[in-house]
1. Under 6 Å between Cβ atoms, at least 6 apart or on separate chains: pull out the pairs that start in region B:168-197 with a residue that is without any contact (Cβ under 8 Å) to a residue 40 or more places away in the chain and end on any residue that is of a type outside the set (Val, Ile, Thr).
2. Under 20 Å from A:Tyr262 (Cα atoms), within 11 Å of another protein chain (Cβ to nearest Cβ) and either more than 15 Å from the chain's Cα centre (by Cα) or not in a strand (DSSP E or B) (or both) - does that describe any residue in region B:172-190?
3. Can you name every residue in region A:251-270 that is more than 10 Å from chain B (Cβ to nearest Cβ) and either aliphatic (A, V, I, L, M) or surrounded by 24 or more Cβ atoms within 10 Å (Cβ to Cβ) (or both)?
4. Considering only residues that are without any contact (Cβ under 8 Å) to a residue 12 or more places away in the chain and outside any helix (DSSP H, G or I), look in region B:216-248 and name the one that is farthest from A:Tyr119 (Cα to Cα).
5. Between a first residue in region A:130-147 that is more than 10 Å from A:Tyr119 (Cβ to Cβ) and a second residue that is modelled with pLDDT of 85 or more and part of a loop (DSSP other than H, G, I, E, B), which pairs have beta carbons less than 7 Å apart while being 6 or more apart in sequence or on different chains?
6. B:Ala93 versus (1) more than 27 Å from B:Ala191 (Cα to Cα); (2) over 24 Å from the mean Cα position of the chain (by Cα); (3) small (Gly, Ala, Ser): which is the lone unmet condition?
7. Mind checking which helices (runs of 4 or more DSSP H) fall wholly inside region A:165-213 and carry at least 2 residues that are within 30 Å of A:Leu227 (Cα to Cα)?
8. Name the one entry in B:Pro94, B:Pro112 that is at the interface with another protein chain (Cβ under 7 Å from one of its Cβ atoms) and either of a type in the set (Lys, Arg) or more than 19 Å from A:Leu15 (Cβ to Cβ) (or both).
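The values are calculated or read from the model by the stated rules, or taken from the named source; none is laboratory data. In this text the structure is predicted, and so the values were computed from the model without any measurement. Glycine also receives a Cβ, built like all others from the backbone with ideal geometry; neighbour counts cover every protein chain displayed.
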Amino acid sequence: MSHPWRRTPWLLPPLLLIAGFFLYPLYFVVRESLTADSAPGVTLATWQRVLTSGRFLDALGSTVTISLAATVGCVVLGTFFATVLAFVPFPGAGLVTRLVDTLLAFPSFLIALAFTFLYGSAGIVNTALGGSAVGDFLYSPWCVIAAEITFYTPFVMRPLLAAYSHVPREQLDVAASLGARPGRVFARIVLPEALPALAAGGCLTLLLTLNEFGIVLFIGAKDVTTLPMLVHSYGVVTFDLPAACVVAVIQVALSSALYAVYRRTFHKGR
Amino acid sequence: MLVWSRRGRALLWTVFALVFVPVVLAPLAVLVLAAVAGSWNGVLPTGYTTGHLGDALAGEQVASLSVSLQTAFLAGIGAVIVGVWGALAVREAPPAARRIADAAMHLPIAVPSVVVGLGLLTAFSRPPIALNGTMWLVVIAHFVLVLAFAYSTVSAALERTDPAYAQVAASLGASPMRVLWRVRVPMLMPAVSAAASLSLALSMGEVGATIMVYPASWRPLSVTIFTLTDRGKVFLASAETVVLLATTVVILVGLGVATRRGRR
């Protein structure tokens, strides 16, 4: 176009909406975090109180560990599922792919709800295996990790399946006819082609699991608190708004740093 | 084909089934079973009933479903319009403005929904704009959260369309408005439909921001399901979840059919 700047005003309406409904509220979150009941004016008292509390440090630790563990699980499972579906398809593989796509649009809490029937104290697994075979699994961090793996594996599979569709089947056949074993074909031909998609999917999963709230809320384990849960409990359960805002600022810093890395790495062209 | 030996394939498929069934299939199946379970003392339900589904479609619950649908439609329509507008405007902008605007439109994806809710609660609970206790805070929260996804869907489709069509139309003398309405927007219709579907589905299942801002008079289904779960009414909660999923799927299929008809 010959006069690109002439069209720039069209950008204003959407950007103003983002500014008004997203950035302006975030500004208030920062401002509120700098207030305290004990001291008037701008103060770091709430920051100090929250950052030194065991509750916050526990939540930070479990948020990071849970999301790292869930991401590793998703990458491993997602790669396995996608590879079988794409390169060793069985009758009905198309149906399974569509089911996985549908799962992407579902709310995450349904997995947590299902887990209470599966792994609760009177759940299916305990009844089937007798007594308390899985014990307190439902209220452990492992259960949250397992639920997140179930829900977020499709987020790894989707880009991976798209990347796999660009791998020429002939290359695989030729490699195999020359005597390469499946493991070698996978490592030398399939994996290099899929690596960027896998990294992008993994990075997105890490971001989404850091921010995950529904699963943790619905499982409701007392000992498993993550940062989003802490924002919720400070914000609308104990009405400690300044403390909720401190946790929110830290969470936003963490998530947007990760998102910046993700964009820099995978959206260079834009 | 990656694995050529029959035994290797059989082994791989067995492992696939052994992992896929308990991890992905079992939770979905259990939820549906719970929705129709009369009593559940054994491994499988000992009796079946449609009572929970009936309750899920009555009284308070159906009011909540209607709140969810209204919220999803309002937020979804807004997000699709602003998303299409944003995608077209970003595409036309000079590179520097384009990069910044694109990042700004994507930004809400990076922030947890609970924080979006907390922000709206803090910013709009005081003058000049006090919206707390109204349905609008819920609608705005959903709009902000789904906008990034709607924009992202449309903008990815726009990257793939050939600008030549619009250029040819313009060179033949069509005014910019006419090019927009007759060429560019129609070419984007599949993406618009996909964006609308995604927005609706995400909005129907949103919990994080909703639970921070919803007033008693405007309680979406996802929050109702949480309240039921919290009170131990897990069978009704499951039935309610099945109703939510079924409603979403019906709307999405309807949207898909409407789009295909429209294109003929």
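1. These pairs meet every condition: B:Val179/B:Ala166; B:Val179/B:Ala169; B:Val179/B:Ala170; B:Val183/B:Tyr165; B:Val183/B:Ala166; B:Val183/B:Ala169; B:Ala191/B:Ala157.
2. No, region B:172-190 has no match at all.
3. The answer is A:Ala253, A:Val261.
4. B:Ala216
5. Final answer for the pair search is A:Pro141/A:Val224; A:Val144/A:Val224.
6. In the conditions (1) more than 27 Å from B:Ala191 (Cα to Cα); (2) over 24 Å from the mean Cα position of the chain (by Cα); (3) small (Gly, Ala, Ser), B:Ala93 misses (1) alone.
7. A:191-210
8. B:Pro112
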